[in-house]
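Take a look at the structure below.
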Amino acid sequence: MDIREEYLKFFESKNHARVASAPLVPEDATLLFNNAGMVPFKSIFTGEVPTPANPRATSCQTCLRAGGKHNDLENVGHTARHHTFFEMLGNFSFGNYFKEEAIAYAWEFITEVIKLPVDKLWVTVHESDDEAEELWKKHVAPERIMRLGDDDNFWSMGDTGPCGPCSEIFYDQGAEHFNGPEDKMGGDGDRFLEIWNLVFMQYEVKVAGGERIPLAKPSIDTGMGLERVVAIKEGALSNYGSSLFMPLIRKVEEMIGKEYLYESGASYRVIADHIRTAVFLLAQGTNFSNEGRGYVLRRILRRAVRHGYLLGFREPFMFKIVDTLVIIMGKEYAYLEEKAAVVAEQIELEEARFFKTIERGIALFEEELARTKETFSGEVAFKLYDTFGFPLDLTEDMLKSHNMKLDSAKFEELMQQQRKSAKAAWKGSGDEQNHGDFKELLEKFGENTFVGYDFTEHSGEVLALLDEEFKATQTLNVGESGWVLLDTTPFYAESGGQTGDCGELEGFAEVLDTKKFFGLSLCQVKVSKALQPGIVVDAKVDSSRSEIIKHHSATHLLHAVLFDVLGEHIAQAGSLNEANRLRFDFSHPKAVTAEELAEIENRVNNEIMRAIPATTRVMSIDEAKNSGAKAQFGEKYGDEVRVVSFEDASIEFCGGVHVNNTANIGSFIITKESGVSAGVRRIEAVCGNAAYKYFAEQRALLKEVENEVKNLDVLAGINRLKTNITELKAELKEAQESAKVEITALNVNGVSVIVEEYPAGDIKEKIDALKNENEKLCAMLFQVKGDKVLIACGVKGADAKAGDWIKNIAPILGGGGGGRPDFAQAGGKDASKLPEAKEASLNYIKEVLA
């Protein structure tokens with residue numbers, strides 16, 4: 001039985017709209033991840049946006065709990081039912097039906113559709129909820145209904161947000177399997193397994209610790225854990241024993257060559273759970289990093305690798321499990337199969353990085369553990385984190401098996417000092433969170449009309465004004481800032497990597513930015529003349545729009561060229577299109593070579609020079625996919641989508657604004673290629689006016705270089721400088737070596753006599769230096785230069801002549817020379833005679849001075 005599909009079909013039959021799973025990364029800025037089925041509907045429950053036309057919905061939402069209040073990470077692998085990634089089946093009523101129908105639907109589904117035995121089912125209600133208990137008595141014997149307090153039966157998504165009493169359905173797995181003291185209803189044992197939570201959404205908490213405010217209309221939010229129900233239907237006493245996990249465990253078993261036994265198999269279960277989390281996050285566009293969601297991803301993968309290490313793996317292995325997961329879940333989530341190759345590549349790279357340090361890290365851990373009696377050093381834990389890449393909870397997980405505590409205070413102190421930025425990773429997404437009077441605007445006016453594809457100037461009526469806190473106001477006065485809702489707007493709202501337009505409401509305000517909130521395109525303004533609703537203004541988009549769209553269209557061409565040049569594994573991981581640059585992130589396992597970058601740049605410019613006209617079509621999403629158009633995961637697409645194409649050069653889903661012809665882009669210059677994270681590269685480039693400025697700056701720089709090297713042929717000038725530098729280095733080396741030579745003087749009748757080989761340096765300058773050091777001197781120095789020998793000699797305060805001396809010695813070396821009585825130079829051609837020449841020179845001068 002396909003429980004996922006049966007559930008969705010059942011609620012469709014009850015007039016619920018089937019809603020596809022939202023991405024794991026939520027739009028809610030207070031959360032790192034979607035951690036429950038209701039998260040994508042939060043703005044509806046809180047009344048921030050109007051109730052949809054169909055106030056009933058059903059979904060199978062992918063969820064992740066690995067941080068904050070809802071954090072199951074430390075339990076994963078050690079219990080039968082905890083996971084980081086899981087699927088939550090849910091049905092929702094937005095002010096439509098309430099407790100009676102929710103309870104009846106739940107009972108019908110579990111007893112008549114999936115046919116769970118009634119004698120195995122138990123129910124809990126909140127201790128104050130008389131109504132729910134009476135409703136349940138229509139289906140369940142009173143003795144099978146239990147009242148519990150807030151800890152068990154009051155649900156809230158976090159410190160703030162929707163909340164309410166709940167009712168939970170439990171399945172009795174049997175006393176024959178679980179018979180410990182906690183295996184009772186309300187206990188912590190595994191006998192009574194919670195399978196479905198019906199939340200009666202009656203309140204909202206706006207401020208942490210604040211009062212519970214009744215919601216405008218009571219609503220229903222239910223959540224059923226798919227993994228638990230699949231395990232029950234398959235007769236497995238652990239979620240990990242079901243068909244959702246066992247193929248993953250068997251794959252690990254096959255690779256390591258060790259049999260999986262449940263009692264000792266926690267590491268197998270951790271790996272099976274964590275590969276699901278890693279693959280879904282990567283496939284949805286989250287990448288490994290040291291902060292935010294990317295850090296959660298990294299620590300989960302590293303936790304799995306550490307458990308693999310315990311099993312005996314010494315090289316990357318997680319990436320080999322990806323294909324098995326695709327077989328299990330690829331039918332429901334087609335993007336897993338599309339991204340499988342690149343995801344496996346990213347995982348392998350991240351594993352390889354961690355395997356390089358894991359052994360040394362574990363050795364350090366074991367050394368400290370041997371010295372620890374009660375509390376493990378926070379300093380060592382920080383070193384494991386900072387030097388060896390061990391996330392804190394990985395160290396805590398290792399300590400757990402030794403029943404050891406950690407000096408968390410010291411660890412936190414060190415984190416404060418050196419890694420303050422990492423703490424922000426647990427406080428939310430880091431994105432700006434906006435709450436305001438959007439619902440009222442949507443209900444009164446609906447979404448406004450964007451005409452910016454065809455116009456950069458257009459008149460529009462001011463429908464509403466919001467202050468900087470997004471609260472409705474009747475006036476924005478001179479000097480104030482706020483937001484304007486126009487009925488018709490030419491300003492493009494930031495989306496899909498394209499920055500929002502700026503410009504002016506002529507005579508009234510400067511438009512600083514344009515953003516979209518719940519479908520409303522709002523202009524952020526600085527007012528120069530008072531604005532009020534009802535005023536008609538002339539909206540003019542700034543000329544920077546023409547430069548933004550050049551970069552946006554070039555990004556499409558770049559995406560297509562990367563696919564051709566680097567391979568079909570290329571997938572977009574992010575983009576930014578501004579007036580003066582573009583940035584494109586994409587999956588690729590290694591740095592792009594200079595040759596590849598040159599080819600990419602050349603091919604994009606060829607497409608520009610082909611002067612390809614842009615074509616825009618609105619078509620059904622299936623038609624668009626069949627056309628080969630590239631779509632981006634996480635983007636919301638309706639039944640119909642806008643497809644932008646440049647003939648055979650590029651075709652993509654895109655709601656952005658583009659040039660009419662590639663020739664309008666002008667030119668495309670890559671300015672930088674770099675790595676963003678493991679398996680993700682980034683190309684930065686400039687087009688249009690920015691490309692001309694870049695060219696002009698490079699030309700000016702070249703002129704400066706010409707002047708510095710004093711040569712119009714800068715390469716020739718640089719080569720000449722390099723040659724000069726090489727020669728100077730050689731001379732410097734010679735001088736340094738000559739400075740190390742010890743010159744020994746022989747005293748002959750009160751005269752210092754020196755006859756030596758001087759291997760490097762200026763021998764004439766050395767003779768002068770020796771004269772300055774001695775009152776009476778006769779010195780002859782020899783220096784070999786290749787096959788030749790240089791000779792210099794000097795006389796000071798002695799009865800000898802340098803010229804005569806050198807004339808007697810130079811012929812021995814096959815040369816000649818002469819000079820003054822105090823100084824003479826010569827050269828020889830036969831360096832092999834140097835020992836003979838030195839001996840003759842010394843004998844000659846001794847005779848002269850005798």
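Quick check on this structure: which one of ASN15, ASN34 is assigned to a loop (DSSP other than H, G, I, E, B) and at positive phi?
Details: ASN34 fails: at positive phi.
The conditions single out ASN15.
Within 24 Å of PHE94 (Cβ to Cβ) and in a loop (DSSP other than H, G, I, E, B): does that describe GLU182?
It is false that GLU182 is within 24 Å of PHE94 (Cβ to Cβ) and in a loop (DSSP other than H, G, I, E, B).
Counting only residues that are farther than 15 Å from LYS339 by Cβ, in a helix (DSSP H, G or I) and either among the small types (Gly, Ala, Ser) or out of contact with any strand residue (DSSP E or B) (no Cβ under 8 Å at 6 or more places or on another chain) (or both), how many does the range 279-298 have?
5
Only residues that are under 26 Å from THR387 (Cα atoms) and open to solvent by less than 10 Å² (accessible area, probe 1.4 Å): list them for the range 314-342, please. First the steps, then the outcome.
Initial filter on the range 314-342 (under 26 Å from THR387 (Cα atoms)): 314-319.
PHE317, MET318 - these are the residues of the range 314-342 that are under 26 Å from THR387 (Cα atoms) and open to solvent by less than 10 Å² (accessible area, probe 1.4 Å).
Going by what's in this entry, would PHE98 be described as farther than 23 Å from PHE10 by Cβ and under 45 Å from the mean Cα position of the chain (by Cα)? Show your work before the answer.
Working: farther than 23 Å from PHE10 by Cβ: no; under 45 Å from the mean Cα position of the chain (by Cα): yes.
Judged against the criteria, PHE98 is not a match.
Restricted to the range 712-738, and to residues that are among the hydrophobic types (A, V, I, L, M, F, W, C) and either touching a Cys at 6+ places or on another chain (Cβ under 7 Å) or open to solvent by 80 Å² or more (accessible area, probe 1.4 Å) (or both), which residue is nearest to ILE669 (Cα to Cα)? Walk me through it before giving the result.
Step one: filter the range 712-738 for residues among the hydrophobic types (A, V, I, L, M, F, W, C), giving 712, 714-716, 718, 721, 725, 728, 730, 732, 735.
Imposing the further condition that a residue be either touching a Cys at 6+ places or on another chain (Cβ under 7 Å) or open to solvent by 80 Å² or more (accessible area, probe 1.4 Å) (or both) reduces the set to 712, 715, 725, 728, 732.
Values: LEU712: 24, LEU715: 22, ILE725: 34, LEU728: 39, LEU732: 43 Å.
By that ranking, first place goes to LEU715.
Being buried (at least 18 other Cβ atoms within 10 Å of the Cβ) and either at pLDDT 95 or above or among the hydroxyl-bearing types (Ser, Thr, Tyr) (or both) is the filter here; which residues of the range 830-843 pass it?
Passing the criteria: only SER841.
Would you check which residues across the range 156-179 are in contact (Cβ under 8 Å) with a residue 60 or more places away in the chain and either assigned to a strand (DSSP E or B) or surrounded by 17 or more Cβ atoms within 10 Å (Cβ to Cβ) (or both) and list them?
Residues of the range 156-179 in contact (Cβ under 8 Å) with a residue 60 or more places away in the chain: 157-162, 167, 169, 171, 173, 177.
The answer is MET157, GLY158, GLY161, PRO162, SER167, ILE169, TYR171, GLN173.
Among the residues of the range 43-75, what is the count of those that are in a loop (DSSP other than H, G, I, E, B) and at pLDDT 85 or above?
Residues meeting the conditions: 8.
Mind telling me which of the residues ASN153, ASN54 ends up being open to solvent by 50 Å² or more (accessible area, probe 1.4 Å) and over 30 Å from LEU392 (Cβ atoms)?
Numbers: ASN153 fails: open to solvent by 50 Å² or more (accessible area, probe 1.4 Å).
It is ASN54.
Quick one: what pairs do we get from the range 84-99, first residue of a type in the set (S, T, N, Q), second in a loop (DSSP other than H, G, I, E, B) and at pLDDT 95 or above, C-beta under 8 Å, 6+ apart or different chains?
ASN91/LYS14; ASN91/HIS16; SER93/PRO55; ASN96/PRO55
Scan the range 504-544 for residues that are surrounded by fewer than 22 Cβ atoms within 10 Å (Cβ to Cβ) and not in a loop (DSSP other than H, G, I, E, B) and report the count.
Counting residues in the range 504-544 that are surrounded by fewer than 22 Cβ atoms within 10 Å (Cβ to Cβ) and not in a loop (DSSP other than H, G, I, E, B) gives 15.
Which residues, taken from the range 273-330, are closer than 24 Å to ALA80 by Cα, in contact (Cβ under 8 Å) with a residue 60 or more places away in the chain and hydroxyl-bearing (Ser, Thr, Tyr)?
THR277, THR324
Just a yes or no: is a residue in the range 188-203 open to solvent by less than 10 Å² (accessible area, probe 1.4 Å) and in a helix (DSSP H, G or I)?
No.
Out of (1) over 22 Å from LYS217 (Cα atoms); (2) touching a Leu at 6+ places or on another chain (Cβ under 9 Å); (3) not β-branched (Val, Ile, Thr), what's the single condition that is false for GLY37?
Of the numbered conditions (1) over 22 Å from LYS217 (Cα atoms); (2) touching a Leu at 6+ places or on another chain (Cβ under 9 Å); (3) not β-branched (Val, Ile, Thr), the odd one out for GLY37 is (1).
Residues in the range 233-263 that are aliphatic (A, V, I, L, M) and not in a loop (DSSP other than H, G, I, E, B): how many? Show your work before the answer.
Step one: list which residues in the range 233-263 are aliphatic (A, V, I, L, M), which gives 236-237, 244, 246, 248-249, 252, 255-256, 261.
Now drop any that are not not in a loop (DSSP other than H, G, I, E, B), which leaves 246, 248-249, 252, 255-256.
So the count comes out to 6.
Within the range 371-391, how many residues turn out to be modelled with pLDDT of 85 or more and part of a loop (DSSP other than H, G, I, E, B)? Even if it seems obvious, please write down each step before you answer.
Of the range 371-391, the ones modelled with pLDDT of 85 or more are 371-372, 375-382.
Checking the rest, the ones that are also part of a loop (DSSP other than H, G, I, E, B) come to 372, 377.
Of the residues in the range 371-391, 2 are modelled with pLDDT of 85 or more and part of a loop (DSSP other than H, G, I, E, B).
Of all residues being in a loop (DSSP other than H, G, I, E, B) and closer than 18 Å to SER832 by Cα in the range 765-807, which is least open to solvent (accessible area, probe 1.4 Å)? Just the residue, please. Give the steps one after another, and end with the answer.
Step one: filter the range 765-807 for residues in a loop (DSSP other than H, G, I, E, B), giving 774-776, 786-787, 797-801.
From what's left, closer than 18 Å to SER832 by Cα: 786-787.
Values: GLY786: 66, ASP787: 122 Å².
Residue satisfying both the conditions and the ranking: GLY786.
Hey, among GLU131, GLU168, which residue is within 18 Å of GLU101 (Cα to Cα) and touching a strand residue (DSSP E or B) at 6+ places or on another chain (Cβ under 8 Å)?
Residue meeting the stated conditions: GLU168.
Which condition number in (1) over 23 Å from the mean Cα position of the chain (by Cα); (2) charged (D, E, K, R); (3) within 30 Å of SER243 (Cβ to Cβ) is the one that LYS339 fails?
Failed condition: (1).
Please specify each residue of the range 808-829 satisfying the condition of being outside any helix (DSSP H, G or I) and open to solvent by less than 50 Å² (accessible area, probe 1.4 Å).
Within the range 808-829, the subset outside any helix (DSSP H, G or I) is 814-829.
Across the range 808-829, the qualifying residues are GLY814, GLY815, GLY816, GLY817, GLY818, PHE823, ALA824, ALA826, GLY827, GLY828.
Give the residue that is most open to solvent (accessible area, probe 1.4 Å), with candidates limited to residues of the range 596-630 that are over 25 Å from ASP454 (Cβ atoms), of a type outside the set (D, E, K, R) and at pLDDT 95 or above.
Pass one, the range 596-630, residues over 25 Å from ASP454 (Cβ atoms): 596-606, 609, 622, 625-626, 628.
Those still in the list that are of a type outside the set (D, E, K, R) too: 597-598, 600, 602, 604-606, 609, 626, 628.
Still in the list and also at pLDDT 95 or above: 597-598, 600, 602, 604-606, 609.
Working: LEU597: 36, ALA598: 58, ILE600: 0, ASN602: 86, VAL604: 0, ASN605: 30, ASN606: 66, MET609: 140 Å².
Out of the qualifying residues, it is MET609.
So, in the range 791-804, exactly how many residues are out of contact with any Gly (no Cβ under 7 Å at 6 or more places or on another chain) and farther than 19 Å from ALA769 by Cβ? Walk me through it before giving the result.
Here is the first cut: in the range 791-804, the residues out of contact with any Gly (no Cβ under 7 Å at 6 or more places or on another chain) are 792-801, 804.
Subset that is farther than 19 Å from ALA769 by Cβ: 799-801, 804.
Qualifying residue count, the range 791-804: 4.
Within the range 392-404, track down each residue that is farther than 11 Å from SER377 by Cβ, not hydrophobic (A, V, I, L, M, F, W, C) and not in a loop (DSSP other than H, G, I, E, B).
ASP393, GLU396, ASP397, LYS400
Hey, could you check the range 3-39 for residues that are under 12 Å from LEU89 (Cβ atoms) and free of Cβ contacts under 8 Å to residues at least 12 places away in the same chain and say which is least open to solvent (accessible area, probe 1.4 Å)?
GLU5
Tell me which residues, restricted to the range 476-500, are open to solvent by less than 40 Å² (accessible area, probe 1.4 Å) and within 16 Å of SER459 (Cβ to Cβ).
Hits for the range 476-500 are VAL484, LEU485, LEU486, THR488, THR489, PRO490, PHE491.
So, in the range 670-711, exactly how many residues are open to solvent by 30 Å² or more (accessible area, probe 1.4 Å), in contact with an Asp or Glu (Cβ under 6 Å, 6 or more places away or on another chain) and modelled with pLDDT under 90?
1
The values are calculated or read from the model by the stated rules, or taken from the named source; none is laboratory data. Not measured: the values here are computed from a predicted model. Here the Cβ is made from the backbone with ideal geometry for all residues, glycine too, and neighbour counts use every protein chain on show. The protein model used for the area step is the full one, side chains on, heavy atoms only, and it has no ligands, DNA or RNA in it. Shrake-Rupley method; radii C 1.70, N 1.55, O 1.52, S 1.80 Å.
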